[in-house]
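One structure is given below, encoded as structure tokens.
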Amino acid sequence: MRLLIVEDDPVIADALIRALRAHGHAVDHAADGATADRALGQYPYDLVVLDLGLPGLDGMDVLRRVRTRGSHVPVLVLTARDALEDRVSGLDAGADDYLVKPFDLPEFEARVRALLRRRDASPTGRIEIGAVIVDLDGRRAYHGAQRIELSAREFGVLETLARRAGRVVSKEQLLESLTGWDDDVGLNAIEVYVHRLRKKLEPAGVDIRTLRGLGYLIDKAGVGG
Ligand code: CA
């Protein structure tokens, strides 16, 4: 998953970025509204964490512009202002959830999980492909009851493919879902992750097919030739 944190307080931003990266997400950070607005127009984020009090373009403006562009990306608003009218106008402007500062990291993580789950096809937070179970909340994969040992990046590739099971995902789409601005990962690395992942999924009878020039497709082995 690729997430954008919009927060001008470096201490809070750092804590949130660390927490989300620890869960294997690719995280970008914008410290002002204009940067956030540009990033949101450019990249397909899976979730945005948006502070309302920002220098320049404020959070509410960023939010309105996101929705005006027709994006349905889930937005978790952070606000120091606990005023009812802020919440109401934020919800009117298209926020999906709220956290009032100060908040605890576990609560933040729970809200993020809930929002990501809501946008999933699977409301249980799990996707099953043949004998492979992808636990999106726990960031783990299982072959039946047996855990499949995956690195954070390998899990990221599996997650992106699993969310679009039966459909082709391009290498560029995989790269975008895995990397943030300061990650130095290229398309060659994607091939390596897919190769490793394919080997680990083989015993479960799940295949990642390569469609030359198009990308990858995850499926139960043997399905569709
Ligand atoms: Ca702020």
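Selection within the range 61-94: residues that are within 16 Å of the ligand (Cβ to nearest atom) and modelled with pLDDT under 80. The member of this set that is nearest to the chain's Cα centre (by Cα) is Gly90.
Test Gly24 against the criterion of being touching a residue at least 60 places away in the same chain (Cβ under 8 Å), assigned by TED's automatic domain parsing to the domain that holds Arg113 and either away from the ligand (no atom under 16 Å from the Cβ) or assigned to a loop (DSSP other than H, G, I, E, B) (or both), and give yes or no. Against the criterion (touching a residue at least 60 places away in the same chain (Cβ under 8 Å), assigned by TED's automatic domain parsing to the domain that holds Arg113 and either away from the ligand (no atom under 16 Å from the Cβ) or assigned to a loop (DSSP other than H, G, I, E, B) (or both)), Gly24 qualifies. Screening Gly41 on (1) closer than 21 Å to Ala26 by Cα; (2) not in a helix (DSSP H, G or I) shows it passes everything except condition (2).
For the range 142-165, a residue qualifies if it is in a strand (DSSP E or B) and either β-branched (Val, Ile, Thr) or touching a helix residue (DSSP H, G or I) at 6+ places or on another chain (Cβ under 6 Å) (or both), and the qualifying residues are His143, Ile148. Here is the figure for the range 162-203: residues that are of a type in the set (A, V, I, L, M, F, W, C), modelled with pLDDT under 95 and within 22 Å of Asp137 (Cβ to Cβ) total 5. Scan the range 6-21 for residues that are within 16 Å of the ligand (Cβ to nearest atom) and among the small types (Gly, Ala, Ser) and the total you get is 2. Of everything in the range 193-206, what is crowded, with 20+ Cβ neighbours inside 10 Å and either assigned to a strand (DSSP E or B) or over 23 Å from the mean Cα position of the chain (by Cα) (or both)? Give them in sequence order. Listed by number, the residues that qualify are Ala204, Val206. If Ala39 satisfies every condition in (1) crowded, with 19+ Cβ neighbours inside 10 Å; (2) among the small types (Gly, Ala, Ser); (3) more than 12 Å from the ligand (Cβ to nearest atom) but one, which is the exception? With respect to (1) crowded, with 19+ Cβ neighbours inside 10 Å; (2) among the small types (Gly, Ala, Ser); (3) more than 12 Å from the ligand (Cβ to nearest atom), Ala39 is out only on (1). Taking the range 42-60 as the range and being more than 16 Å from the ligand (Cβ to nearest atom) and either modelled with pLDDT under 90 or exposed (fewer than 15 other Cβ atoms within 10 Å of the Cβ) (or both) as the test, the residues that pass are Gln42, Tyr43, Pro44.
The values are calculated or read from the model by the stated rules, or taken from the named source; none is laboratory data. Remember, it's a predicted structure, so these values are computed and weren't measured experimentally. Glycine gets a Cβ as well: all are built from the backbone with ideal geometry, and neighbour counts include every protein chain shown.
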